[in-house]
Amino acid sequence: MTAKIPTARAARQLEQARLHLQRGEAAQALALLAPIAEAAALPGSAVEVALGEAWFLSGDLDRALATWTGARGRFPEDPQLPARIGMVLARQGLLDEARGALLAAERKLARDPLVLGQLGHVLLRQHRPAEAAPRLQRALQAGAGPEVRLWLGHALARQGRYPDAAQHFAQLAGHARTPAPVKTAARSALADCRLFGGDAAAALADWMALRAEGALDPAALGHASYAAQLAGNAALSDALAAERIAAGATAEDRLLFAQVANLRGEPARALELLAAVDEADAVEAGPGLGFECVLTRARALRLLGRAPEARALLEEAQRLPEADGARLAGQLYVDLGLLAHARGELESARAAFTRALELDPGEPEATQGLRGLEVPPALGAEQAAAEASLRRRVAARDEVESLRAELEQLRAAREVAREELEKARAEAREADTARKAAEARSSTALSDELAAREREIAERTTEARMNALGPCAEDCPGSLRQALEVAERTWQQALYTDLPPAAVGVLYTGVLERALYLLLVEAFRGWLSETGELRAFLEGATRERRGRRVEYFDHFVEAFDEERPGRAPSLGEVQRALERRSEPYLAPWRAFLSARLPLEEGAWDEVAAFVRWSKLTLRDPVAHGRAAGLDWAPLRRFREGLLEAVAPGRAGVIRLLLEARRAGRGG
């Protein structure tokens, strides 16, 4: 029977638990809440709301959902419960169910920042930014945190409101109290706004700065590649695209790479890339992707001279809702205008270019298209036609002056075209100069960052080595110290790079093997020679002798047979020798350990257990090509046991053996 808890005491425990939840201490909150929930010591749903929050904070989403669902059955009028149920369902990816629960909560908690923020985020994930934005705005006004501001920025950006979105991202990126993950995401999103706002060079510089810090999300590599192409750096664009493909390109990435191919005049390549964007990808990336695919494919077809196919696709795109204002809507009407101009339909072309400029003011191709309607592009051909007309009418003296006027107009038009060309070239040179300056600044910042990182790696490596060796640093064999230095430096470098755990594991398990060989095996070999115990040691493990041929039942002992030189005991053999050191045939081994490395029996047991665990968990998978699934958790545990503490209250294995060796030498 559950013990009764006084109401006053239960209320105090509830308040204490809420304080723990505010500090993120789930275990302490659970310890206080579970007894009063079981005893039903307080009326209402407050205890179960807090208990569900404790389970949610601890990562147990199923228990959190069960707690809140059960409470909702008893307290159906409490709007806090559907709000929290919706939060769990959203975390589990059940977006439709989450939206239903949060909409129910919103009807009663229309100003609650948690409800509004979570509902806005769910709507954003369902590609409904127009519904998400006002809710996220109200959540922010009600006191929601920086994560909600980040979501609001994304909702605005997806509606094409890049200046408004950029304000939110810039505020997050520039605020000192913004959490690091949110700040990094905001900086990357701000670069997106700059890219789609027309400043590709600034966007590229932002992404390169994040990359130099090791903070660039691989999902942004496709956008960075596109920005590099627009900024005129094709080599960097290719490098970033290759990096994204290696990490796993999405449908949106492949679409961007196809747009880059069109920019480079490679329409056949663009069509190949678009063939990989299937319907499943389009659903995953959101409704706008299909519109951009149609436009990109139509442009590739137009560049290939397949005008009827391109026109059919563009007319199909005109019927889509995105044609009234999506990011590439201006491109739709630019391509329609160019196709109409090629057919001689000048008024249709003018209308299309004008519509493109309404959707995207300053769109360069539309601007140039309108100029092309005013100044015929083939000036040489028109001049020849005018001169032929002059010869036909030479007899008509009254038309001479008008023909001269026509020629003057053509010359004037040619001069205007020449001036426009020079102006465009000057603008291109200025843009190239700005791009090179931005690249130089980015390169300098990257060099400084890399130099600072190398200094930090060297300092951390030295610190870790000193902690591992302690006062025995001078007694450590040089080759072991060097191997430790290389392994630790690689470990520190892996904190900044994508180096796989197996690469670090190879080096660190090598340090363990070298330590055991130098401090145990080689030392024992010397001890056997000094004491004359070698023959007795070999005889004790002999299974059978046939003339000069000897068979041993323990390969550890066999490694010391001088007639079989060149074989060192394996890691597993050393481990078994430590575990079986009490066996009679290993009496010389035990005597050596007592004399030269005096450690208590418990310490040797812990060292042996550590070696066994290391062999099975790290060394064997790495040595036998099974390291693909290796992660950092066992490697961190291994490094801690080797360098810091093999067991609570013990030094790391290397320091433990060095201190024991110093004690065996009399200090």
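The values are calculated or read from the model by the stated rules, or taken from the named source; none is laboratory data. Note that this is a predicted model, so its numbers are computed, not measured. Glycine gets a Cβ as well: all are built from the backbone with ideal geometry, and neighbour counts include every protein chain shown. Side chains are part of the model used for accessible areas, which takes the heavy atoms of the whole protein and leaves out ligands, DNA and RNA. Shrake-Rupley method; radii C 1.70, N 1.55, O 1.52, S 1.80 Å.
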ask   = Is at least one residue of segment 617-630 without any contact (Cβ under 8 Å) to a residue 60 or more places away in the chain and touching a Phe, Trp or Tyr at 6+ places or on another chain (Cβ under 8 Å)?
value = yes
ask   = Applying the selection to segment 67-87, what residues are of a type in the set (Ser, Thr, Tyr) and either open to solvent by less than 60 Å² (accessible area, probe 1.4 Å) or in a loop (DSSP other than H, G, I, E, B) (or both)?
value = THR67
task = Can you run down the residue pairs with Cβ atoms below 7 Å, 6 or more apart or on separate chains, where the first is in segment 346-358 and polar (S, T, N, Q) and the partner is open to solvent by less than 60 Å² (accessible area, probe 1.4 Å)?
result = SER348/ALA340
key: Scan of segment 304-337 for residues that are surrounded by fewer than 23 Cβ atoms within 10 Å (Cβ to Cβ), part of a helix (DSSP H, G or I) and touching a Gly at 6+ places or on another chain (Cβ under 7 Å), ordered by number   = GLU322
query = Which condition number does PHE553 fail, the rest of (1) of a type outside the set (D, E, K, R); (2) open to solvent by 80 Å² or more (accessible area, probe 1.4 Å); (3) under 28 Å from CYS472 (Cβ atoms) being met?
reply = (3)
key: Meets criteria (within 36 Å of the chain's Cα centre (by Cα), over 28 Å from ARG418 (Cβ atoms) and not basic (Lys, Arg)) for PRO361   = no
message = charged (D, E, K, R), surrounded by 22 or more Cβ atoms within 10 Å (Cβ to Cβ) and under 26 Å from ALA17 (Cβ atoms): which single residue out of GLU38, GLU147, GLU48 fits that description?
response = GLU48
remark   = Residue hits (segment 588-633; open to solvent by 40 Å² or more (accessible area, probe 1.4 Å), within 30 Å of the chain's Cα centre (by Cα), within 19 Å of ARG514 (Cα to Cα) and aliphatic (A, V, I, L, M)) are ALA623
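Considering each of ALA651, ALA645 in turn, give the residue that is in contact (Cβ under 8 Å) with a residue 24 or more places away in the chain, under 25 Å from SER479 (Cβ atoms) and not in a helix (DSSP H, G or I). Give the derivation first.
Numbers: ALA645 fails: in contact (Cβ under 8 Å) with a residue 24 or more places away in the chain.
Being in contact (Cβ under 8 Å) with a residue 24 or more places away in the chain, under 25 Å from SER479 (Cβ atoms) and not in a helix (DSSP H, G or I) holds for just one of ALA651, ALA645, which is ALA651.
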inquiry  = Cβ contacts < 9 Å: first residue at pLDDT below 85, restricted to segment 41-61; second residue charged (D, E, K, R) and in a helix (DSSP H, G or I), any location; separation 6+ or different chain. Result?
reply    = ALA41/ARG9; SER45/ARG72; SER45/ARG74
ask   = Of the residues in segment 88-124, how many are assigned to a helix (DSSP H, G or I) and crowded, with 17+ Cβ neighbours inside 10 Å?
value = 22
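Return the residues of segment 51-68 that are more than 16 Å from ARG18 (Cα to Cα) and hydroxyl-bearing (Ser, Thr, Tyr); say none if nothing qualifies.
Here is the first cut: in segment 51-68, the residues more than 16 Å from ARG18 (Cα to Cα) are 59-63, 65-68.
Answer for segment 51-68, where residues must be more than 16 Å from ARG18 (Cα to Cα) and hydroxyl-bearing (Ser, Thr, Tyr): just THR67.
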message = Going by what's in this entry, would ALA191 be described as within 26 Å of ALA437 (Cβ to Cβ), buried (at least 17 other Cβ atoms within 10 Å of the Cβ) and not basic (Lys, Arg)?
response = yes
query = Within segment 516-534, can one find any residue that is surrounded by 16 or more Cβ atoms within 10 Å (Cβ to Cβ) and either among the hydroxyl-bearing types (Ser, Thr, Tyr) or within 22 Å of HIS624 (Cβ to Cβ) (or both)?
reply = yes
remark   = Pairs returned, first residue in segment 128-150 that is closer than 15 Å to ALA166 by Cα, second residue that is of a type outside the set (Phe, Trp, Tyr) and open to solvent by 50 Å² or more (accessible area, probe 1.4 Å), beta-carbon separation under 6 angstrom, 6 or more apart or interchain, are none
